[in-house]
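All remarks here apply to the structure that follows.
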Amino acid sequence: MDINKKTFTKETILKLNIFQDCFREWFPVYLHNDYVNPLYIYDMFAGSGHDADGMPGSPIILLTEAKGDNNLYCQLIKDKKKRVYFGFNEKILSKSNELKENIDKYLKECRANCTLEECCIHTQIGQYDFQEIIESENFINILNNPKYGKFVLLDQYGFKQITNDVFLKLIHSPNTDFVFFIASSFINRFKELPAVTDYFEKNKLHFDFNKPKQCHQTIADYYRSLIPDNLEYYIHSFTIQKGANYYGLIFGSGHTLGMEKFLRVCWRHDEFAGESNCNIENDFEPGTLFYGTAEKNKIQDVKDKIKSLIKERRITNNIDGLKYAIKSGCLPSVYISAIEDFKNKGLVRIIGEYNKAATNIHKVKRYEIELI
Ligand SMILES: C[S@@+](CC[C@H](N)C(=O)[O-])C[C@H]1O[C@@H](n2cnc3c(N)ncnc32)[C@H](O)[C@@H]1O
């Protein structure tokens, strides 16, 4: 099976759209960040560049996004003296060669319509086994350098490439956001077999037999369970159902802004719960009687949890409330609606200056919450 030899399915297109939106959110943040230079964008399982009908695959999508509207970002890269490196990797020689041809062609056409003296992005195409790259000193040095911004796309087949070790390397890398694909149903189906247990610790995988739709979230929980207690880190997943199977994406960022941006992407693709193409939370579907009239189940659930945690004094300030919302897969504004309810009912007193800021959590002014 070669994904690039067939027409991309609608599920593959959804995956690519999310990759695209995710990078569209990431890139300008790092372009404008004067403390981080160069920027490294890696597509580790890059394929050959397009599908059987010439539809762009992830490498071409990333390059197109990097230019911005009317090549705005190219000018910005030049003005800000940023260095932007794309690393595309594809293990299969014929596909890697094809990718090189496609990228050369793309860049040539781009140059033909460009007013800048020279191209402001650098591209490199590799033909390695990903496991070799993740072990290489050069790559590890880049990952570890806090002055470099890194975006790592890992569009593997199946589930075997993002091992515990790979995941731990990624989450310990400063200024590094990543997104990977994983075939969750297969892990669920073969969870007892060495094909799976060689890669995943069985006792940390808690599938619910009655809830197959949730198997990708179970995989996301597995990865979350690997995060050390002393590390503030954010993981969110997006489930993609295709027929009877569930696949999905897992995004990771050490920064609240990275997670906030990814969540915006997910909520644009799933207005019910920001987490799937298959209505996991059983909300009312469009066309049904109660569609749109009630608060979405996921939002209601997280809002209730935030209220309980405030009552139990486990959330005692707005920053913790906002972070709880994003850790639960909701936009930070869900915290605001919870605290507003409490304020309006006279259940809490605010110590400090009350504000309704619900974006850019790292810049929000903190206040304390006291129960009355
Ligand atoms: C799902 S496809 C990627 C598709 C690509 N993102 C696109 O949009 O066209 C996965 C790719 O990874 C390649 N691959 C498989 N194992 C690999 C490995 N160990 N290291 C690097 N590439 C690998 C496959 O040949 C395949 O082209």
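Brief remarks follow.
- Qualifying chymotrypsin sites (Phe, Trp or Tyr not before Pro) in the range 113-213, DSSP loop, other Cβ atoms within 10 Å at most 11: F209
- N37-D104 pseudo-label distance in nm [points 7 Å out on the Cα-to-Cβ vector]: 3.2
- Using alpha-carbon coordinates, inclination of helix 93-112 to the longest axis of the chain, degrees: 90
- The fewest-to-most ranking of Y42, Y222 by surrounding Cβ atoms within 10 Å reads Y222, Y42.
- Between the Cα long axis of helix 256-269 and the first principal axis of the chain there is an angle of about 90°, rounded to the nearest 10.
- Centroid-to-centroid separation of the range 131-171 and the range 220-298 [C-alpha atoms, Å]: 23
- When the pairs K213/K311; K6/K105; K5/K327; K95/K150; K296/K323; K305/K356 are compared against a 27 Å limit on Cα-Cα distance, K213/K311; K5/K327 fall above it.
- Sorting 95-106, 321-332 by their mean Cβ neighbour count within 10 Å, with the most densely packed peptide first, gives 321-332, 95-106.
- Partners for K108 among aspartates and glutamates (Cα-Cα distance below 13 Å; same-chain residues under 8 apart left out): E118
- About its Cα centre, the chain has a charge dipole of approximately 720 debye under the convention of +1 per Lys or Arg Cβ and -1 per Asp or Glu Cβ, with nothing else charged.
- V84, V29 arranged by Cβ crowding within 10 Å, fewest neighbours leading: V29, V84
- Counting neighbouring Cβ atoms within 10 Å and putting the fewest first, the residues Y354, Y30, Y335 line up as Y354, Y30, Y335.
- With both residues required to sit in the range 195-350, DSSP beta bridges show an antiparallel share near 90%.
- For the chain, the longest principal axis of the alpha carbon atoms and the long axis of helix 58-67 meet at an angle near 80°.
Just so you know, all these numbers are worked out from the coordinates, no wet-lab data involved. Since we're looking at a predicted model, the values are computed, not measured. FYI the Cβ positions are ideal-geometry reconstructions off the backbone, even for glycines, and counts take in every protein chain you see.
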